[in-house]
Structure formats: structure tokens, C-alpha cells
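Report on one structure; see the data block that follows.
The values are calculated or read from the model by the stated rules, or taken from the named source; none is laboratory data. Since the structure is predicted, the reported quantities are computational estimates derived from the model, not experimental observations. Here the Cβ is made from the backbone with ideal geometry for all residues, glycine too, and neighbour counts use every protein chain on show. Remember, those area values only see protein heavy atoms, side chains included, never the ligands or the DNA or RNA. Shrake-Rupley method; radii C 1.70, N 1.55, O 1.52, S 1.80 Å.
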Amino acid sequence: MILIKLGGSIITNKEKPLSPRRKTIDSIAKSLKKIKEPIVIVHGGGSYGHYWSVKYDMHTKERKYDIRGVSIVKNSMIDLNKIILDSLLKNKLNPYCLPPTDFMSGNRPIVKKIKEIQEIAKSGLIPVTFGDALWYGQKKTYILSGDKIMTHLAKILKPKLTIFALNENGLYSDFKSKKLIYELKDQNPLISENKMDVTGGMSRKVEEATKIAKMGMNVFFVNGNYPERIVQAIKNRKYEGTMFRGKNA
């Protein structure tokens with residue numbers, strides 16, 4: 001099984017509210033057709049969910065946020081998810097919409113439900129889930145990031161490969177010169193942050209990717225603007241990107 005995260009900065013223009021990058025989404029969908037293994041897709045919120053999260057000051061901590069904001073964030077994520085599902089369908093793939101409420105209870109993953117995702121993927125359907133505003137209990141809600149979902153799924157599903165499609169070639173040892181780190185060991189990369197990204201930006205991706213690698217699985221950061229790199233990573237071919245080598249992998 002291949003677990004793929006489509007970052008919000010790839011599927012939307014983060015500088016402009018509610019702006020999908022439809023051509024990029026279509027290009028990724030076309031590339032995914034070349035993959036003959038079960039796939040699970042997670043996508044971020046980009047200029048949809050993140051835009052409203054910032055506007056209503058909502059974060060990953062469980063709190064009593066403005067219920068109007070919660071409603072609008074959820075609605076915007078459904079809108080973005082629909083764009084991705086439509087693109088996959090148009091390109092003759094079979095997406096299966098899977099909101100995070102289907103496999104989360106509060107802030108805890110439901111193991112039985114996540115194991116079911118594997119069965120869905122093996123059937124030929126492509127489960128597609130996303131970061132979202134979730135009910136926690138006691139009138140509290142929180143933002144569950146797509147990056148966090150990747151760790152929840154990887155821990156239980158143990159995918160052969162985990163891929164984060166970003167708006168960069170990977171991680172850099174020096175951001176100014178864009179010197180790429182091909183394999184992450186003990187380096188401390190300089191990471192740029194997008195002030196709009198309330199779910200942690202690149203640092204959150206590094207944190208979650210490191211957790212997954214420590215579980216023994218290889219994690220790849222690739223540039224989603226070049227969807228063929230996703231395919232190359234899966235087919236074990238040379239490509240531009242950063243690999244977090246799984247412990248004992």
C-alpha cells in the first residue's frame with residue numbers, strides 16, 4: 001500500500017483564498033493512474049480550510065472555538081475535497097470519500113475503522129481523506145491536520161511507502177541556495193514557514209515524517225508540481241526529493 005499526502009500548497013494557491021490549482025490536481029490524478037498498487041490519499045486544506053482557520057483563530061489544540069468558524073471550515077473542506085474527487089473520477093480513477101470523522105473519535109483514531117481503509121484500498125477504490133475541524137467533546141473542537149492523519153494511518157496500516165507531495169523539491173540544508181538534502185539522517189534543515197499555515201507548515205511535516213520513519217517506514221518528500229516524481233519514488237527510480245530512511249529499513 002502507498003500512502004500519499006497532497007499538501008495544501010500543491011492543490012491550492014495558498015496566497016489567494018479559496019483558489020484550487022485545478023491543472024496541478026488533474027496532473028497528479030493522471031500520474032496516479034500509473035500506480036498499480038493500493039493507494040490511500042490524504043489532502044491538506046490550503047487556501048480553503050487554512051484560510052478560515054486563520055480567520056476564526058482555530059488551532060490543533062482542543063478548545064471552545066467559534067461554532068460559526070467550525071461550520072465554515074468543515075464546509076470549505078468538503079468543497080475542496082469535491083474538487084479532488086471530481087478530478088480523480090474524470091481521470092478514470094475510483095475515489096472513495098472518507099471524512100476523518102469516519103475513523104476518529106475525539107482526537108483518537110479508531111483502529112478497527114482504519115484497518116477497514118486497507119480493505120477499501122485493496123478493492124480498487126482509492127480512499128481520500130483530509131484535514132478538518134473535528135468535534136472533541138464538552139463543546140470543544142480542534143483542527144486535525146492532514147499531516148497528523150498521515151501518522152495515524154501509517155502507524156496502523158504500515159504502508160510500503162509514505163509520500164508527502166510538497167510545493168518544494170524536498171528539504172534544504174541551506175534554503176537560500178536550495179541545496180537539497182537527499183537523505184535525512186542527523187541534519188537540521190532550515191525550513192521556511194508560511195504564516196498562513198496554522199497546522200504547522202513544513203515543520204509539522206518534518207515532525208510527522210520523522211515519527212513515521214522511526215516506526216520503520218521510508219518517507220519521501222517530493223515536489224507535487226512534478227507528479228512523475230511521485231511515480232518515480234514508488235517505482236524506486238531516481239528522482240529529486242528527500243528521503244527519511246525508516247529505522248532498520
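Here's how it looks for VAL42: its modeled amide H is under 5 Å from those of ILE4, LYS5, LEU6, THR129, which are all 5 or more places away or on a different chain. Computed over protein heavy atoms with a 1.4 Å probe, the carbon and sulfur contribution to the accessible area of the chain reaches 49%.
Every Cα-Cα pair in the chain was counted, and those over 30 Å apart are 20% of them.
In this structure the amide hydrogen of ARG63, modeled in the peptide plane, comes within under 5 Å of the amide hydrogens of THR141, none closer than 5 places in sequence on its chain. A P(r) calculated from all alpha carbon pairs of region 80-128, with 5 Å bins opening at zero, reads 4, 21, 26, 20, 17, 9, 3 percent. Using only helices, what value at 222 nm comes out for the chain when you add -39,500 (n - 2.57) per DSSP H run of length 4 or more and divide by the total residues, to the nearest 500 deg cm²/dmol? Rounded to the nearest 500, the figure is -11500 deg cm²/dmol. Considering only ASN107, PRO17, LEU32, and ranking their Cα positions along the charge dipole of the chain that arises from unit charges at the beta-carbon of Lys, Arg, Asp and Glu, the one farthest toward the positive end is LEU32.
Span-like helix check, the chain: qualifying full DSSP H segments, with Cα axial length of 27 Å or more and mean Kyte-Doolittle of 0.5 or more, are 67-90. Separation of region 40-113 and region 221-249, taken as the distance between their Cα centroids, equals 25 angstrom.
The charge dipole of the chain, taken about its Cα centre with unit charges on the Cβ of Lys, Arg, Asp and Glu (plus for the first two, minus for the last two), comes to roughly 380 debye. The residues of region 64-193 present an accessible area of 52 Å² per residue when probed at 1.4 Å with all protein chains retained. Summarising the amide proton neighbourhood of ILE181: residues at separation of 5 or more, or on other chains, whose placed amide H is nearer than 5 Å comprise LEU171, TYR172, SER173.
The local environment of ARG63, defined by Cβ-Cβ distances under 12 Å, has a net charge of +1 under the rule Lys, Arg +1 and Asp, Glu -1. Considering only alpha-carbon pairs that sit under 8 angstrom and 6 or more positions apart, the relative contact order computed for the chain is 23 percent.
Extending 7 Å from Cα along the Cβ direction at LYS90 and again at HIS59 yields two label points whose distance is 3.8 nm.
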